[in-house]
Amino acid sequence: SINYAKKIQEAILPKKENINKFFSDFFVFYQPKDIVGGDFYWYRHYGNIAVIATVDCTGHGVPGGFMSMLGSLLLDKIVSENQLDCSQILKELNDEIIRVLDQHGGGEIQDGMDLALCVIDKKKKELYFSGARNGIMVVRNNEAKMYDADIIPVGGAFSKKGRAINRKYKLHRIKLDKDTNVFMFSDGFYDQLGGEKITSYGMINFKNLLLKTANQKTKREEFILKEFNDWRGSFPQIDDLLVIGFKI
């Protein structure tokens, strides 16, 4: 049944050929830790507008898989209602998760999601980004700029001190051109343990890896996978992996 669950989870992921119709260049590196996972990516487009998200749900394996199904369906619902403001999408997703999982009372299930969400207007050559604990990286002229997310998740009604979290997600506006690379990702890669001293890969190394990936024309998934396997060596994969890159 767990292998069949993997087929169901893969079926809700967007088809690469549909994404390639909008972007001039696109790739996705996706490798769950277990048979099913808590990381997923989501995509819809409406004429010259595309909405794309990379999502890291609480946990991995079966619990993460349940949360990923919930997150995908809720994004479908929210965005299909003509809601194309990134910050408002995150706010509504937060409210819906709290409602569906009945988190208002501070109960046991306080799971949520970290995600980066982008709306791309190809006609205006602009990208709008909002993030819940997951940022993005933009590479232009071989220089990288990180756009940080707000340090609040989506879902989970209460903080550690038992008080409600004030959810307000910042909206970033970014100009694009045909040579601009945009990278979206979860924390699985840069948190991976490995190397001689068994330390995490780290954000600095990850940033340099994405800079190198931006210059790759083909086989970027293989390039990222080799770097990951070289780093971890015999150490097991500790989390789901998700990296997306695109150009308009």
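Computed quantities for the displayed model
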quantity	calculated
Gaussian network model of the chain, springs between alpha carbon atoms under 10 Å - residue of N181, N208, N141 with greatest fluctuation	N141
Over the stretch 1-140, volume per residue of the alpha carbon convex hull, in Å³	120 Å³
Loop-exposed GluC sites (Glu not before Pro) per DSSP, neighbour cap 13 Cβ within 10 angstrom, longest uninterrupted part of the chain	109-195
Residues in the stretch 219-247 that a label on I198 would reach, taking backbone N under 12 Å of a point 7 Å out along Cα→Cβ	234-236
At most 14 other Cβ within 10 Å, DSSP loop - trypsin sites (Lys or Arg not before Pro), the stretch 171-230	K178, K197, K217, K219
Cα-projected label distance for Q88 with A144, points at 7 Å along beta-carbon direction, nm	3.4 nm
Axial C-alpha extent at least 27 Å, average Kyte-Doolittle at least 0.0 - helices from the chain (DSSP)	61-80
Protein accessible area in the chain, 1.4 Å probe - carbon and sulfur %	51 percent
Over 31 Å (Cα to Cα) - which of K7/K219; K77/K123; K15/K207; K197/K247 fall in this group	K197/K247
GNM top mover of I204, I174, I136 - the chain, alpha-carbon springs below 10 Å	I204
Exposure rank, largest accessible area first [I120, I12; 1.4 Å]	I12, I120
Relative contact order of the chain, pairs being alpha-carbon contacts under 8 Å that are 6 or more residues apart, as %	23 percent
Candidates D56, D191, D39: whichever shows maximal mean-square fluctuation once the chain is modelled as a Gaussian network with Cα springs under 10 Å	D191
Accessible surface, per residue, of the chain when the full set of protein chains is kept, probe 1.4 Å, Å²	50 Å²
Relative contact order (%) - the stretch 126-243, alpha-carbon pairs under 8 angstrom, separation at least six	27 percent
Computed Rg/Rh of the chain, alpha carbon atoms with Kirkwood Rh	0.95
Cβ-Cβ FRET estimate between N18 and K247, R0 fixed at 22 Å, reported to 0.05	0.85
Added length on full extension, which subtracts the Cα-Cα distance from 0.36 nm per residue, A5 to K207	69.4 nm
Sparse-neighbour loop sites [trypsin sites (Lys or Arg not before Pro); the stretch 1-74; at most 15 other C-beta within 10 Å; DSSP]	K15, K21
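The values are calculated or read from the model by the stated rules, or taken from the named source; none is laboratory data. All figures in this text were calculated on a predicted structure; none of them were measured in a lab. Here the Cβ is made from the backbone with ideal geometry for all residues, glycine too, and neighbour counts use every protein chain on show. With ligands, DNA and RNA removed, areas are computed over all heavy atoms of the protein, side chains included. Shrake-Rupley method; radii C 1.70, N 1.55, O 1.52, S 1.80 Å.
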